[in-house]
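One structure is given below, encoded as structure tokens.
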Amino acid sequence: MSYRIEELLIVTIADLLRERSHVAVGAASPIPGAGALLARERSPALRVSVLGSEQHNTFTEGGRELFDCAAQGRIDAFFLGGAQIDGGANINLVGIGDYPAQSVRFPGSFGSAYLYFLVPNVILFSLAHSQRNLVSKVDFVSAPGTSEERIYRPGGPRVLLTSRCLFDFDQSLPGFRLRSVHPGETIETVTHNTGFEFDIAGDVDVTRIPTDGELDLIRGSIGAAIGETYPTFARTVLGIRC
Amino acid sequence: MVEVVDLETLVTRIEDGTSIALPPDYSGCAMSAVRLLIERGVTDLRVITVPQGGLQVDLLIGAGCVSVLESAAVTLGEHGLAPRFTDAMRTGSIHMRESTCPAIHAGLQAAEKGLPFMPLRGIIGSDLVRYRPDWIVQDNPFADDDPIVLLPAIRPDVALFHAPLADTDGNVWVGIRRELMTMAHAAETTLVTVEEVISDSLLADERTAAGVIPSMYIHGISVVEKGAWPVGLWGCYAADHDNLQDYVRRAITMEGFNEYLSVYVHGSAAASTP
């Protein structure tokens, strides 16, 4: 069955969540949300908290509960993005240019400056992948990729998933290492479109494509479930009527 | 005893220069009250979003009502960037106190505990610390070499939101939208619009009492049906996505924004919003 890039990313995210016990999905994250719901379909014990959802969110203590929960170690996976991400895994959700009168302004840092430190497996996710957003140095550090040893930091980046490839983040470098390229991409196309230097694994794989069964789920119950929170995404990308 | 007043009377409590806490689009926004504030031409508001802002914040900024904004983000969600906020940041017409979601929750929690500050994990090494001179990095006094961020309490003059239900004693039901509870505890004055006021006490039954802000924190209530429109109200009605789409399309330019205001805030549609 033919598939869309968004569907490949949803499946890749579900694969990345295999060992996790509680994944939370923050604002503006329809693809991570769908990936988390697909992962739960496979392992029903996985707890999924989709912010902004009434049906896939069991928090009862208001907006702060997610953050309190994360600080206690009760959430082991979260997604962060960035208008810019650099080779040190620093992320920028604020804007492009010199702060504050920037040429382009984005919504803001949300909870990134905190959750990046506290959630052990942060999946960096970006649908875009060009030298414009994957840069050598971010213009504003919403949240740093790494910290000095003395800073309390059980959390941090583990991978960066984009529309072209999947990188691992190696704390010891620190930096990214190319793990797999999506079908149609090569090491060369990834290098050409990435504004930071990165390592290349000895055996770069091609990212696994979705199975027919996975596509049926995504275009069916998973799509309808994420449509509660992201109706436009469910309708225009997954073809769901909601 | 909390007085149930008309909306005009309620919004007169919000004067020029007020610091005002507002919820995000998904948590009960008093949009009718905000439209009336804009029509009244309130100025110099110091807005605190709990923790992010949506349509009401973009409207207030576009209408020139805001001088200072403390926020973790301003967004219209799936409808896109908040155009008037984006423009105000570019031109520098508002002073931005850049924040992160848990810092706003923690600041309000400090206020509800009557504390001067609250410590919070993370944030160290973020540029937020650079641009927030009021945030202090200090050593944890209970450990060796453990720097931690201290945030000053956030005590808004006013908290303003919309909820489904109040009773005639002035208790307000917010269910699990506990950020509204925190806002009410932290603010000096809490003003609420509701869909409906009932005569049976919401505190009489423990099953509803758990989600109720007691009247001692509430200073004014107005009944406004569909008071959150065009954003949604949980359990009551969904957002009017066509209107939000229309807003985003128009508000890209100041002319378009003013057209939207003339129809939905100043115009005949303002009085008869669905």
> Given chain B, what percent of its DSSP beta bridges are antiparallel, to the nearest 5?
Replying inline: 35 percent
> Thinking of the protein assembly as shown as a set of Cα atoms, what percent of all their pairs are more than 46 Å apart?
Replying inline: 11 percent
> Given the C-alpha centroids of the range A:195-242 and the range B:1-41, what is the distance between them in whole angstrom?
Replying inline: 41 Å
> Can you tell which of B:N140, B:T91, B:M1 lies farthest toward the positive end of the dipole of chain B, using +1 and -1 charges on the Cβ of basic and acidic side chains (Lys, Arg; Asp, Glu)?
Replying inline: B:T91
> Which residues make up the longest stretch of chain A that has no GluC sites (Glu not before Pro) in a DSSP loop with at most 11 other Cβ atoms within 10 Å?
Replying inline: A:20-147
> Which whole-Hz ³J(HN,Hα) couplings does the range B:21-27 yield from phi under the Karplus relation 6.51 cos²θ - 1.76 cosθ + 1.60, θ = phi - 60°, glycine and proline marked x?
Replying inline: 8, 10, x, x, 4, 8, 10
> Can you give the helix-only mean residue ellipticity at 222 nm for chain A, where every DSSP H stretch with n ≥ 4 adds -39500 (n - 2.57) and the sum goes over all residues, rounded to the nearest 500 deg cm²/dmol?
Replying inline: -7000 deg cm²/dmol
> If you plug each phi of the range A:225-232 into the Karplus form 6.51 cos²θ - 1.76 cosθ + 1.60 with θ = phi - 60°, what whole-Hz ³J(HN,Hα) values come out, in order, with x for Gly and Pro?
Replying inline: 5, 6, x, 4, 8, 10, x, 5
> With θ set to phi - 60° and the Karplus curve 6.51 cos²θ - 1.76 cosθ + 1.60, what are the ³J(HN,Hα) couplings of the range B:137-147 in order, to the nearest whole Hz, using x for Gly and Pro?
Replying inline: 9, 9, 6, 4, x, 9, 8, 9, 6, 10, x
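Looking only at the protein assembly as shown, where both bridge partners belong to it, what percent of the DSSP beta bridges are antiparallel (to the nearest 5)?
Within the protein assembly as shown, antiparallel bridges account for around 35 percent of the total.
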> In the range A:150-219, which trypsin sites (Lys or Arg not before Pro) fall in coil by DSSP and have 14 or fewer other Cβ atoms within 10 Å?
Replying inline: A:R150, A:R208
> Given just the C-alpha atoms of the range A:25-110, how large is their convex hull per residue in cubic angstrom?
Replying inline: 135 Å³
> Restricting to chain A, what percent of DSSP beta bridges are antiparallel, rounded to 5?
Replying inline: 40 percent
>> I'd like the GluC sites (Glu not before Pro) in the range B:119-227 restricted to DSSP loop residues with at most 16 other Cβ atoms within 10 Å, sorted by number.
In response: B:E188, B:E225
> How much of the calculated P(r) for the range A:1-149 lies past 18 Å, in percent of all Cα pairs?
Replying inline: 59 percent
> Out of B:A186, B:I154, B:L59, whose Cα points farthest toward the positive end of the dipole of the protein assembly as shown (charges: +1 Lys, Arg; -1 Asp, Glu; placed on Cβ)?
Replying inline: B:L59
> Using only Cα atoms, what Kirkwood radius does chain B have, in angstroms?
Replying inline: 19.1 Å
> Around A:V159, with a cut-off of 11 angstrom between Cβ atoms, what is the net charge of the other residues, counting Lys and Arg +1 and Asp and Glu -1?
Replying inline: 0
>> If Rh is defined by the Kirkwood formula over all Cα pairs and Rg also comes from Cα, what ratio Rg/Rh do you get for the range B:34-128?
In response: 1.00
> If amide H atoms are built 1.01 Å from N in the plane of the peptide, which residues on other chains or at least 5 residues away come under 5 Å of the amide H of A:H22?
Replying inline: A:R47, A:D76, A:A77
> Tally Lys/Arg at +1 and Asp/Glu at -1 over every other residue whose Cβ is under 13 Å from the Cβ of A:F79; what's the total?
Replying inline: +1
>> For the range A:1-105, which trypsin sites (Lys or Arg not before Pro) pass both filters: DSSP loop (anything but H, G, I, E, B) and at most 13 other C-beta atoms within 10 Å?
In response: A:R18
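A short reminder: the numbers here are calculations on the coordinates, not readings from a lab. Source: prediction; values computed, not measured. Heads up, the Cβs are rebuilt from the backbone with ideal geometry, glycines too, and the neighbour counts pull from every protein chain shown.
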